[in-house]
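A.B. asks: Dropping the structure in here first, questions after.
What follows is calculated from the coordinates using simple rules that are stated; it is not laboratory data. Small disclaimer: the values here were computed from a predicted structure and weren't measured. Virtual Cβ from ideal backbone geometry, glycine too; neighbours counted across all protein chains shown.
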Amino acid sequence: MEIERKFLPKKLPEHLDQYSVKCIEQGYLCTDPVVRIRKENDAYILTYKSRGLLEREEYNLPLTKEAYETLRPKIEGRLIIKKRYLIPLDERLTVELDVFEGDLAPLILAEVEFETAKEAHDFIAPDWLGCDVTYDTKYHNSTMSKR
């Protein structure tokens with residue numbers, strides 16, 4: 001189960017280079033339900049996500065580089081390219097800050113994943129995270145792949 005909230009940050013945190021970063025490209029073989037392929041640095045993943053906004057089922061399966069490259073031309077819409085910075089909030093929570101490239105630039109989105117829906121609802125975001133867009137489907141990567 002994936003439980004996450006999404007935000008439109010007001011600004012980038014200072015010294016982004018001090019945080020771990022993942023270079024991601026991802027595309028969608030299907031958007032309803034979501035079937036996604038992703039290259040994350042040197043890892044390749046096939047993901048299924050059910051419908052939902054705050055909570056939804058998510059299953060990740062490893063792919064080989066060859067399988068990823070075979071599936072990549074079959075995606076619907078655009079290939080999304082972004083850098084994901086992992087910014088610790090505390091000992092348990094991490095902000096995944098996505099800085100989009102290409103025609104989605106200069107979009108920046110932040111996600112925080114939680115273990116329970118109660119934890120997600122109770123979360124008080126730091127001011128820099130900005131507007132909560134968890135329930136706005138236009139900020140789903142699967143939706144952005146079609147625009």
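A.B. asks: Would any residue of the range 106-120 have its amide N under 18 Å from a label point 7 Å out along Cα→Cβ of Arg147? List them or say none.
C.D. replies: Backbone N within reach: 106-111.
A.B. asks: For the chain, what are the per-bin percents of Cα-Cα distances with bins 10 Å wide, up to the bin holding the maximum?
C.D. replies: That works out to 11, 40, 38, 10, 0, in percent per bin.
A.B. asks: How large is the helix-only mean residue ellipticity at 222 nm for the chain, computed as the sum of -39500 (n - 2.57) over DSSP H runs with n ≥ 4, divided by its residue count, in deg cm²/dmol to the nearest 500?
C.D. replies: On the way: 3 runs with 17 residues, N = 147.
Mean residue ellipticity, 222 nm, calculated: -2500 deg cm²/dmol.
A.B. asks: Can you tell me how much longer the chain between Leu12 and Asp32 gets when fully stretched, taken as 0.36 nm per residue apart minus their C-alpha distance, in nm with one decimal?
C.D. replies: Values: separation 20, 0.36 × 20 = 7.20 nm, distance 3.18 nm.
Gain in length upon complete extension: 4.0 nm.
A.B. asks: What is the distance, in nm, between label points placed 7 Å from the Cα along the Cα-to-Cβ direction at Arg72 and at Glu40?
C.D. replies: Inter-label distance under the simple model: 1.8 nm.
A.B. asks: Any of Lys10/Lys83; Lys10/Lys65; Lys6/Lys83; Lys49/Lys118; Lys11/Lys74; Lys22/Lys49 with alpha carbons more than 25 Å apart? Name them for me. Walk me through the numbers before you get to the answer.
C.D. replies: Working: Lys10/Lys83 18 Å; Lys10/Lys65 36 Å; Lys6/Lys83 16 Å; Lys49/Lys118 21 Å; Lys11/Lys74 35 Å; Lys22/Lys49 21 Å.
Beyond 25 Å between Cα atoms: Lys10/Lys65; Lys11/Lys74.
A.B. asks: Further, regarding this structure: Considering every pair of different Cα atoms, what Kirkwood radius, in Å, is found for the range 16-81?
C.D. replies: On the way: mean 1/r = 0.0790 Å⁻¹.
12.7 Å is the Kirkwood radius here.
A.B. asks: Let me ask something else. Rounded to the nearest 20 debye, what is the charge dipole size of the chain about its Cα centre when +1 sits on each Lys and Arg Cβ and -1 on each Asp and Glu Cβ? Intermediate values should be presented prior to the final figure.
C.D. replies: Values: 23 positive and 28 negative charges, 135 e Å.
Charge dipole of the chain: 660 debye, to the nearest 20.
A.B. asks: If you don't mind, another one. What area, in nm² and to one decimal, does the C-alpha convex hull of the range 1-43 cast on average over all directions? Walk me through the numbers on the way to the answer.
C.D. replies: On the way: hull surface 19.6 nm².
Taking a quarter of the hull surface, the average projection is 4.9 nm².
A.B. asks: In the chain, with Lys and Arg counted as +1 and Asp and Glu as -1 at Cβ, which of these residues, Pro73, Ala120, Leu54, has the Cα nearest the positive end of the dipole, that is, farthest along it?
C.D. replies: Looking along the dipole axis, the top candidate is Pro73.
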